[in-house]
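Read the figures in this text as sums done on the coordinates, not as results from a lab. Small disclaimer: the values here were computed from a predicted structure and weren't measured.
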Amino acid sequence: MSFHTTAFEPAGPAGPALLLGSREARRSYGRAAVAAAIENGLLPDELSALLAGRRVVEAFPVAWRESESDYADRAVAEMMVAYLSQPILSQPIG
């Protein structure tokens, strides 16, 4: 057996400490994702229900070194999956 000292850069979602440096950067990523979600057909009240009181970057964390536009695209895709995964509420007819 040998001992490996190779270090790898994180590839998955970043932890809270690595999320983003400044508050303004987090807001910028969040605004981009919200705008993209609405542009792609998600209604504001549907988005609010998905987020359940969380910020976008909390509900859908930014991945390591992800650009703002890449994050917005990925976050919208994850929002749509979450939206479609919700149970359908039956409404009484008539």
Spelling it out for residue 63: with amide H atoms placed in the peptide plane at 1.01 Å from N, the residues 5 or more places away or on another chain with amide H under 5 Å from its amide H are 14
Rounded to the angstrom and largest first, Cα extents along the principal axes for the range 34-83 equal 30, 21, 16
